[in-house]
Each structure stands twice: as C-alpha cells, then as structure tokens.
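Notes follow the structure.
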Amino acid sequence: MTSVPTGFDAVLLLSFGGPDKPDDVRPFLENVTRGRGVPPERLDEVAQHYLHFGGVSPINRLNLDLIDGLRSEFAGRGIDLPVWFGNRNWHPMAEDTVEQMYRAGHRRVLVFGTSAWGGYSGCRQYHEDIGRALSTVTTRLPEMADDPMLLRKLPHFWSEPLFVEACADAVLRARKALPSSDTPPKLVFTAHSIPLAADHRGGPRGQGGDLYSRQVWAASAAVSAAAGFGDDFDQVWQSRSGPPQVPWLEPDICDHLETLAEQGVRQVIVAPVGFVSDHLEVVWDLDNEAKDKAAELGMDFVRADTAGTDPRFVQLVVDLIERYRDGDIPRGGFAIDPPLGCADNGSPCRPQCCEPTPRRAPAAPEPSAP
C-alpha cells in the first residue's frame, strides 16, 4: 500500500453552512436541495424556521468561534498551522476557500468535517465535497495539474473520550438545572433522523449496514454511563424532513415526549448527542418545539449543551490534528473496524461504502450533516 508524503501545512474546517442574513435564506435552501425536486412550498416552510431567528443561522458564527479556539490551542501547544474555513452550501464555499489556500501556497491540508459520525451525510459526503472542491479549483487553476494539492479528511470522533466526557458533563449540568424531585429524570438522547434506507446503506457493503444509528446508540450508551445513568436512557431522533411515505429513523423527540408523559415521567433531560454545536436544528427543534411540547404535557424540560460548547472539544480537534499531521495516511482505502465503522479515516471512501440512497421521487430537504 502506497502512502502520501508526511507533513501537512494547513487545516480546513469544513461544515454545512448557513445563511447570514434574511436575503441569504432562500438561496441557501436552494443550494441545499438543488436537483432533488423539492417543492417550493416546502422551501417556504423551512425558510420560516430561519426567519424566526432573523434569517441568521448560528452555524457560521459557531464555526468561527471554534476556529478561534483552535488557533488559541495551537498557540499554546506551539503548533504552526493556519486554519481556514469552508462550507458545503453557503459562503465561504469550500471551492473558494481551497482556491485561496492553493494561492497562499498550501499543498497538503488536513480537513476537519463537523460531523462525529459515519454514513453518507456524516462522512462520505464530506469526501465528495473535498473532491468537488479540488476538481473545481483544478479547472480554475490549470497549474494544479503539475503542482497538485492533497486534502485528507480527519476521522470520525464520536467514540473519542473527550467527546464522551464533554457530553456527559453537559448532562450533569442539565440535571442540576431541574427542580428537585423524588424521582430521577429521564435521560433522552437525540440525533438527526435519516431515512431508514440511508441508514441501511451505511458502512461497507456486506457488513450489515446501519452504521450511523449504531454509532449514535454506542455514543449515547457511553455518555449515559459516564453521567451516572447507566443503561437507563432512551435514544430518539429529530429534524425529520422527508415525505411521510418514506420511513425514517424513529421515534421523533416530540412523539417520544408524549409517550413518556403517558408513562408518568415528569422530568426529562434531552441531550443532543448527534450535534456538535447549537445550530438551527438544535435551537428550533429542541429549544422551541420540544420544549413547548414538554410544557404542554406538564413536564420539566432541560436541554443539555452540545459538545462544541466545551473547551475539551477544541482539545479533541487539536489532538486529532496532532495525531495525523506528521504521519503517513494510507491511500488504499479505510481500515474497517467492524461493526462500528472506519478505524483509520483519511483517504477517499472505498467503493460501495456508505453509498447515497438512490432517489426515486422528489423529497423534502436532506438533513444537514448529523
């Protein structure tokens, strides 16, 4: 197996993107859904979620805050690597950032994708973003044919101890925010729902599928144990956006709150383990819809912080960068660690791994990366 030369000279933080002002909302949603046959009325519906918050998604600001944290941690560790920012669906677009990096002299770049998970949306699509950006910039700058640029994605991090610790401490802080009670609160983890067909295609073909949902479950179990809840937790889903005839991962968080209320549960901690920052789907689906549902049901509700608000998350990202910045990263494909995914990320997805689900009919917007 051949290896790429050692030593990377820059870091690219690659994310989903989001609008920065009301006029951005509709063009952003059209970027997200281009070629998917989403009806205009569905885009209008989703646009209202953004306009509820002034037409600004928190995600770009949160990513810029993370970049500031990375630069500070780099300085503290004596790491001399510039950090750049690019998005899949909104400015700064990945293609434009990669071109700027090339013009600045960078040729070997580690890419941190803001998803902890495997599967198509959480992993393979980031590799596609990287490939599209390199192809676009090569067209713009023909000199890249003789002086190529290498981008390598860093691995999934859902099982990293610092990620688990940050999520567990967020659960403990949330528990302290609840009123005193004679009965313990119910701990409920959420992550972004995806179509069942997409989940079944997750992981290398022939190794069982369901990579994403199994990773989420394993992470939730680890966080619950670290927070002292043992195996007394529920795993549910949120942010479904597909047509009703297409089955998605269930139950939905609001439906599950109704079930808990029927069981006599009066207090609930909702931990968004599937998200690394408090972007729009967290603040809309949980801080608005789920919180309102809990109030309607007479339940005490508290939402735990996402891992990205914890300083250990910055340490985690820098640890990954240090782990890979000077070492060879295999070009021959992933080393697969059954049953929960890729043991060594860093090269393009091998054939038939986490393939996208074929679209047979128009659908609602795909979820952002889980």
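Listed values, structure above:
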{"item": "Hydrodynamic radius (Kirkwood) for segment 161-307, which is based on Cα pairs only, to one decimal in Å", "result": "15.6 Å"}
{"item": "Cβ-based net charge around Asp199, under 13 Å, with every Lys or Arg adding one and every Asp or Glu removing one", "result": "0"}
{"item": "Selection from Ala166, Val56, Leu29, by position along the positive dipole direction of the chain (Cβ)", "result": "Leu29"}
{"item": "Cα-centre dipole for the chain with unit charges at Cβ (Lys and Arg positive, Asp and Glu negative), debye to 20", "result": "800 debye"}
{"item": "Relative packing of 269-275, 119-125, 66-72, 292-298, which averages over residues the other C-beta atoms within 10 Å, highest first", "result": "269-275, 119-125, 66-72, 292-298"}
{"item": "Lysine pairs with alpha-carbon atoms under 28 Å apart, the chain, spacing 8 or more or separate chains", "result": "6"}
{"item": "Relative intensity, log₁₀ I(q)/I(0), of segment 268-318 from a Debye sum that treats every alpha carbon as a point, q = 0.23, 0.26 Å⁻¹", "result": "-0.82, -0.95"}
{"item": "Packing-based ranking, highest mean first, of 171-178, 129-136, 7-14 given that Cβ atoms within 10 Å are counted", "result": "7-14, 129-136, 171-178"}
{"item": "Residue-by-residue Karplus 3J(HN,Hα) for segment 71-86, coefficients 6.51, -1.76, 1.60, Hz, glycine and proline x", "result": "4, 5, 5, 4, 4, x, 9, x, 9, 9, 9, x, 10, 10, 10, x"}
{"item": "Size of segment 1-88 as Cα extents on the principal axes (Å, biggest first)", "result": "50, 36, 15"}
{"item": "Potential lengthening between Arg205 and Thr259 on full extension [0.36 nm per residue; Cα-Cα distance subtracted]", "result": "15.9 nm"}
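Values in this text are rule-based calculations from the coordinates and carry no lab data. All values reported here derive from a predicted model rather than from experimental measurement. Neighbour counts run over all protein chains shown; Cβ positions are idealised from the backbone, glycine included.
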